[in-house]
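**Student:** Please find one structure pasted underneath; my questions will follow.
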Amino acid sequence: MSELAQKLTVDKRTLKQIVKELKKWKAPATVLLSLYIPPGRPISDVMSLLRTEYSITDNIKLKRTRDAVQRALAAAMDRLSRIQKVPPNGLVLFCGEDMETRDFICFMFSPPEPVPVFFYRTDKWFHTEFLEDMLEHEDTFGLVIVERDQATIGLLKGSRIQVLEEKEGYVPGKHHKGGQSQRRFDRQIEQFVKGFYKEVAESMNKHFLPLIQKNALKAIILGGPGYAKQDFLEEAKEFLDYRVRQKIAPELIDVAYQGYAGLRELVIRASETITKNKYAELVNAIEEFKKHLAKDDGLAVYGDKMVKQALEMGALKFIIVDENREDADQLIEEAKKYGTKVYLLSDDIPEAEWIKKTFKGLVGVLRYRLS
């Protein structure tokens, strides 16, 4: 890979930050330019297309819109003119103007995975969907908590838990008349439960099948209270797509809660199934730091000066770094020299705000006490 291609290439952590920034941009007119260039596409062909598009913009009636589109196209052509050859993974460009503030943004980079298609569009938003597909290839697990009248469906992507859907069903309370009336009512209750399980299964198909088809889902972790999870698998097997059924991990997890809290409990309890998952590892690292901090045994370190000194001495077992810190990359490279494990802190971890506000997003645990 050439030196220029190396400079243009971004890793997945940087890509996440870029996508997050791009998704903030919106426009009242189609002035935000998105361009995906796959490997092997000649730069000259792309430049020819952009020049043609620039000449067509003269037909845009509104001057403000015309100026914004031309500014985006000119910036894209300027950056492409500095490139002789598309890098091995292709190129991506996003250029556009905030028509209210006149702020301007222009990114050009080569993503961590090959660009799958040639795509050009000016729109009211930046088209990041192809990049988001790349991020889904990070360790992704489906998460499901089910009971007779409630369910939560979510995803675990790297160290991020996302709630996709929360469902509630109607199941009547117990009937106490006895006899045939009791048996009839019990059958009706079971029909309500089976109907709800069918809804949950259909939601699982809807959310997980697209990921399975892209080979982006490692497994589905199923949990719930008592026997509800086993009952669900038995009653809903005819409604679950066979590909979704095949992804369900054999170990079913006891979970007492629904919602985000329940998904978090599910992930932590399923640590053997989710081997070396980033979320579980990060949670365990935070708990270890909190334990040493509470014991005041001298093994918990915080503050830039103390952490960096311990790092340079090779005394740190691990550090937890806010992924948005400006010096995050530098700390990661420094940690590699001393065999120090690095955990990147994302906003999805409940303790993230506490670590950021109290310790400026940088803490660690020592291998041994320092005098």
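The values are calculated or read from the model by the stated rules, or taken from the named source; none is laboratory data. Not measured: the values here are computed from a predicted model. Because the Cβ atoms are built from the backbone with ideal geometry, glycine has one as well, and the counts that use them run over all protein chains shown.
**Student:** Tell me the helices (runs of 4 or more DSSP H) entirely within the stretch 210-290 that contain at least 2 residues that are among the small types (Gly, Ala, Ser).
**Tutor:** Helices (runs of 4 or more DSSP H) meeting the threshold: 228-236, 259-269.
**Student:** Can you give me the number of residues within the stretch 356-371 that are within 15 Å of Val342 (Cα to Cα) and hydrophobic (A, V, I, L, M, F, W, C)?
**Tutor:** Count: 4.
**Student:** Being in the same structural domain as Lys12 (by TED's automatic domain parsing) and outside any helix (DSSP H, G or I) narrows it down to one of Arg79, Arg121, Arg51, so name that one.
**Tutor:** Exactly one of Arg79, Arg121, Arg51 is in the same structural domain as Lys12 (by TED's automatic domain parsing) and outside any helix (DSSP H, G or I), namely Arg121.
**Student:** Considering each residue of the stretch 103-146, count those that are more than 24 Å from the chain's Cα centre (by Cα) and modelled with pLDDT under 90, and give that number.
**Tutor:** So the count comes out to 0.
**Student:** Now a separate question. Of the residues Phe94, Phe104, Phe119, Phe141, which single one is farther than 30 Å from Ile153 by Cα and crowded, with 19+ Cβ neighbours inside 10 Å?
**Tutor:** Phe94
**Student:** Give the stretch 149-197 a look and list any residue that's surrounded by 13 or more Cβ atoms within 10 Å (Cβ to Cβ), in a loop (DSSP other than H, G, I, E, B) and modelled with pLDDT under 85, or say none.
**Tutor:** Within the stretch 149-197, Gly158, Ser159, Gly169, Val171, His175 qualify.
**Student:** Can I ask one more? Considering only the stretch 212-252, how many residues are touching a Leu at 6+ places or on another chain (Cβ under 7 Å), farther than 22 Å from Val163 by Cβ and touching a residue at least 24 places away in the same chain (Cβ under 8 Å)?
**Tutor:** 1
**Student:** Quick one: which of Lys295, Lys356, Lys278, Lys291 is among the charged types (D, E, K, R) and buried (at least 17 other Cβ atoms within 10 Å of the Cβ)?
**Tutor:** Going through Lys295, Lys356, Lys278, Lys291 in turn, the sole match is Lys278.
**Student:** Check the stretch 28-43 and report whether any residue there is touching a Ser or Thr at 6+ places or on another chain (Cβ under 8 Å), modelled with pLDDT under 95 and in a strand (DSSP E or B).
**Tutor:** No; the residues of the stretch 28-43 include none that is touching a Ser or Thr at 6+ places or on another chain (Cβ under 8 Å), modelled with pLDDT under 95 and in a strand (DSSP E or B).
**Student:** Given the criterion of a type in the set (Ser, Thr, Tyr) and surrounded by fewer than 16 Cβ atoms within 10 Å (Cβ to Cβ), identify the matching residue among Tyr343, Tyr260, Tyr242, Tyr302.
**Tutor:** Of the residues listed, the single one that is of a type in the set (Ser, Thr, Tyr) and surrounded by fewer than 16 Cβ atoms within 10 Å (Cβ to Cβ) is Tyr242.
**Student:** In the set Lys356, Lys278, which member is without any contact (Cβ under 8 Å) to a residue 40 or more places away in the chain and under 25 Å from the mean Cα position of the chain (by Cα)?
**Tutor:** Lys356
**Student:** Next up: Could you list all residues from the stretch 234-253 that are aliphatic (A, V, I, L, M) and either at pLDDT 90 or above or under 21 Å from Leu156 (Cα atoms) (or both)?
**Tutor:** Hits for the stretch 234-253 are Leu240, Val244, Ile248, Ala249, Leu252, Ile253.
**Student:** Could you identify the single residue in Lys12, Lys16, Lys61, Lys23 that is exposed (fewer than 11 other Cβ atoms within 10 Å of the Cβ), modelled with pLDDT under 95 and of a type in the set (Lys, Arg)?
**Tutor:** On inspection, the qualifying residue turns out to be Lys61.
**Student:** So, Val307, is that one on the phi < 0 side of the Ramachandran plot, surrounded by 18 or more Cβ atoms within 10 Å (Cβ to Cβ) and in a strand (DSSP E or B) or not?
**Tutor:** no
**Student:** Let me ask something else. Looking at the structure I just gave you, is Glu113 in the same structural domain as Glu199 (by TED's automatic domain parsing) and either in contact with a strand residue (DSSP E or B) (Cβ under 9 Å, 6 or more places away or on another chain) or not in a strand (DSSP E or B) (or both)?
**Tutor:** Taking the combined requirement at face value, the residue does not satisfy it.
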